[in-house]
Amino acid sequence: MSRIVTIGAAQMGPIAAHESRTQVVQRLIAHLHEASRRGCDLVVFPELTLTTFFPRWYTEDQAEIDQWFETEMPGPETQALFDAAAKLQIGFHLGYAELVEEAGQVRRFNTAILVDKNAQIIGKYRKIHLPGHAENEPWRAFQHLEKRYFETGNLGFRVFDGFGGKVGMCICNDRRWPETYRVMGLQGAELIVLGYNTPVHNPPAPEHDALGLFHNQIVMQSAAYQNGTWIVGVAKAGNEEGVPMIAGTQIIAPSGETVAMAAGEGDELITAACDLDLAASYKSTVFNFALHREPQHYGLITATKGAVSPADGVALEKSDK
Ligand code: CDT
């Protein structure tokens, strides 16, 4: 038996600051129509799909920042996306900035939703690993203020039933952390979808710049293999407001092999027929967690933020201290 989900990874080229939500949604709908022509069941859009990557700018004016956030989903400008998807019977994954009131408090998250073929939201994730900094750092060519504008996600790494399988979500910087995938792998994830906005230039470590696509590749390919899951990674790419961002949108099989890859840095749909049953071949053999994982022998690591310390019960090498 096979469970084929035909997936479209909908890379977006740059989104200018002046571009309206309605204009962006038209670009997304164009992706959906092409995806329909190619028989897609699910289309994956990137992180913060609806706007330019606004954390590159510092401001103390909260109203200025809040213009980038959605207060409802779907809202007046995004309803057309849901309507088009339902009409075409295609599900989608969408990243956006979310402003909600929870327990009487206004909260802001970097969020992604998973939507089924009938335009029903069946999964939600709020980004946990927020990169960058919280204060203005004028020495940088551009800022990366996710720690200023978003709270740490409070929904955990979950796996949702959808598209005939177990679907997990994470966002951008999360993809660099092995625990992101392992937490979902332990829940049986067969497909993990994620979007990213990754500047080519990393101001604190410019020596990494030439390796951006390589790092993108190794984290997602190794995670796919080590957890026996499909991974779909989708970029917002190209030169956005003077900041070049990596492309490298791709669909990766549970073997760790990339089966489809974007060629350019603009709006581009790549597709693959993904057999979710391929995951079982890895989950039942080399990465049979129940049979082969030995967490009780890994050393005691408590859930502290940052580096482990001897107090956590981990025997550290001298060089680690
Ligand atoms: N959006 C996002 O998370 N981007 C980061 C840039 C890292 S440099 C601060 C990423 O990990 O791709």
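The values are calculated or read from the model by the stated rules, or taken from the named source; none is laboratory data. Computed from a predicted model, the values in this text were never measured in an experiment. As a convention, Cβ positions derive from the backbone with ideal geometry for all residues, glycine included, and neighbour counts pool all protein chains shown. The accessibility values were calculated without ligands, DNA or RNA, using every heavy atom of the protein model including side chains. Shrake-Rupley method; radii C 1.70, N 1.55, O 1.52, S 1.80 Å.
Observations
- Scanning the chain for chymotrypsin sites (Phe, Trp or Tyr not before Pro) lying in DSSP loops with no more than 10 further Cβ atoms inside 10 Å, the longest uninterrupted stretch between such sites is 140-297.
- Cross-linked pairs K127/K236; K117/K166; K117/K283; K117/K147; K127/K166: Cα-Cα separations exceed 23 Å for K117/K283; K117/K147.
- Accessible area per residue, Å², the chain with all protein chains present, probe 1.4 Å: 44
- Karplus-derived 3J(HN,Hα) values for region 155-165, using 6.51 cos²θ - 1.76 cosθ + 1.60 with θ = phi - 60°, are 10, x, 9, 10, 10, 10, 7, x, 6, x, x Hz; glycine and proline are entered as x.
- Taking the 1.4 Å solvent-accessible surface of region 128-193 as the whole, the part contributed by carbon and sulfur is 55%.
- A 1.4 Å probe over all protein chains sorts H297, H144 by accessible area into H297, H144, starting with the largest.
- Charge tally in the Cβ shell below 13 Å around Q79, where Lys, Arg are +1 and Asp, Glu are -1, Q79 excluded: -2
- Computed per residue of the chain from DSSP H runs no shorter than four, each worth -39500 (n - 2.57), the mean residue ellipticity at 222 nm is -6000 deg cm²/dmol.
- Euclidean distance between Cα centres, region 80-144 to region 5-69, Å: 10
- DSSP bridge pairs, the chain: antiparallel proportion in percent, nearest 5: 65
- Per DSSP, loop GluC sites (Glu not before Pro) in region 77-138 with at most 14 further Cβ within 10 Å: E135
- Table column - 3J(HN,Hα) (Hz), region 196-211, Karplus curve with 6.51, -1.76, 1.60, x for Gly and Pro: 8, 10, 10, x, 4, 8, 10, x, x, 9, x, 5, 8, 4, 6, 9
- Estimated FRET transfer efficiency (E72, I4; beta-carbon r; R0 35 Å; 0.05): 0.55
- For the chain, averaging the sequence separation of C-alpha pairs within contact (under 8 Å, six or more residues apart) and dividing by the residue count gives a relative contact order of 20 percent.
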